[in-house]
Amino acid sequence: MGRGSVNPQIVFDLTANPTQIQPAYWFYALFFAIGACLLAVARLMSRRGHRHSHFMLALSVLWLIITAAFTLIDIEDTYRVRALVGHRAYTTVEGCLEYFSPGDPGGARGGNERWSVRGMEFDYGQGEVRRGYHLVEPRGGAVHPDTKVRVSFVTSEANDRREIMKLTVEQHACPSAPDVRA
């Protein structure tokens with residue numbers, strides 16, 4: 001990976017098999033199931049003559065329309081990311097970390113892991129549904145403050161974030177990067 005590298009290790013690689021980049025159908029199904037439950041509640045309310053049943057019906061229909069729109073956008077973006085990786089149209093940067101903030105092991109909101117190499121920031125959380133690498137340090141992730149990284153990524157247009165498609169690390173190869181918490 002660089003001068004004196006004796007132990008670079010590929011810890012994540014979707015570039016070797018882009019067909020593994022798949023939409024999170026189970027995640028979408030969860031939101032459609034919530035919409036179906038809302039519809040069932042609206043129907044039950046209507047049968048019982050509840051005066052707010054029309055509101056509940058409108059809410060459930062709106063929920064399903066928004067879920068369908070976001071699902072279609074995300075599926076389209078997933079296939080765009082897959083095509084970019086398949087055509088090797090990703091960016092690769094390598095070096096020591098400029099800063100490093102470990103992520104929250106429980107995936108708490110705002111507890112994303114953040115680090116930068118060659119001016120490119122990477123930000124991901126344990127509890128996120130991501131196409132790329134997102135294992136935070138406290139949960140066994142491979143990136144640490146003194147890690148030298150070689151990272152290949154594409155930018156998700158729908159989510160406006162860098163998705164890590166390949167990550168190679170060399171542990172203890174750099175001075176420890178400062179921790180800058182947001």
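Values quoted throughout were computed directly from the atomic coordinates according to the rules given, and no laboratory measurement underlies them. Small disclaimer: the values here were computed from a predicted structure and weren't measured. Backbone-built Cβ (ideal geometry, glycine too); neighbour counts: all protein chains shown.
Relative to a virtual label point 7 Å from the Cα of TYR79 in the Cα→beta-carbon direction, which members of the range 6-27 show backbone nitrogen distances below 13 Å?
The answer is 22-23.
With the contact rule set at Cα under 8 Å and sequence spacing of 6 or more, what percent relative contact order holds for the range 23-144? Mind dumping the intermediate values first?
Details: 139 pairs, mean separation 21.0, N = 122.
For the range 23-144, the relative contact order is 17 percent.
Using the Kirkwood radius built from alpha carbon pairs, what does the Stokes-Einstein equation give as D for the range 25-86 at 10 °C and 1.306 mPa s, in µm² per second? If you can, show how the numbers build up before the last one.
Values: Rh = 13.0 Å.
Value of D from the Cα-based Kirkwood radius: 122 µm²/s.
Once the other residues with Cβ under 12 Å from the Cβ of ARG118 are scored (Lys, Arg +1; Asp, Glu -1), what is the net sum? Don't skip to the answer; put the middle values down first.
Working: positive: LYS148, ARG150; negative: GLU94, GLU98, GLU121.
Combined, the nearby Lys, Arg, Asp and Glu give -1.
Return one number: the angle in degrees, 0 to 90 and rounded to the nearest 10, between the long axis of the Cα atoms of helix 25-47 and the longest principal axis of the Cα atoms of the chain.
For helix 25-47, the angle is close to 20 degrees.
Take every Cα pair under 8 Å in the range 25-86 that's 6+ residues apart, average their separations, divide by the length, and report that relative contact order as a whole percent.
Details: 30 pairs, mean separation 20.5, N = 62.
Reported as a whole number, the value is 33 percent.
Quick one: Karplus J couplings for the range 9-24, per residue in order, coefficients 6.51, -1.76, 1.60, θ = phi - 60°, nearest Hz, x for Gly and Pro?
Using θ = phi - 60°, the values come out as 9, 7, 9, 7, 8, 9, 6, 6, 8, x, 5, 6, 7, 10, x, 8 Hz.
Taking θ as phi - 60°, what are the ³J(HN,Hα) couplings along the range 155-164 by the Karplus curve (6.51, -1.76, 1.60), each to the nearest whole Hz, with x for Gly and Pro?
9, 6, 6, 5, 9, 6, 8, 7, 9, 7
At a Förster distance of 45 Å, what's the computed FRET efficiency of SER46 paired with THR19, Cβ-Cβ distance as r, to 0.05? Walk me through the numbers on the way to the answer.
Details: r = 45 Å, r/R0 = 1.00.
It comes to 0.50.
Label ILE66 and ASP160 with points 7 Å out from Cα along Cα→Cβ: what is the distance between them in nm?
Using points 7 Å along Cα→Cβ, the separation is 1.8 nm.
How far, in degrees from 0 to 90, does helix 53-86 lean away from the longest principal axis of the Cα atoms of the chain, to the nearest 10?
Between the helix axis and the principal axis of the chain, the angle is about 30 degrees.
Sequence-distant or interchain residues sharing an amide H contact under 5 Å with LEU14, placed H: which?
Distant-sequence amide H within range of LEU14: LYS166.
Which order do TYR25, TYR99 fall in if you start with the one that has the fewest other Cβ atoms within 10 Å?
Numbers: TYR25 10, TYR99 15.
Lowest count first: TYR25, TYR99.
Taking the chain as a whole, which cysteines find no other cysteine Cβ under 4.7 angstrom from their Cβ?
Cysteines lacking a close Cβ partner in the chain: CYS37.
Report the gain in length on full extension from ALA36 to HIS172: 0.36 nm times residue separation, minus Cα-Cα distance, nm rounded to one decimal. Could the numbers behind the result be given before it?
Working: separation 136, 0.36 × 136 = 48.96 nm, distance 5.08 nm.
Roughly 43.9 nm would be gained on extension.
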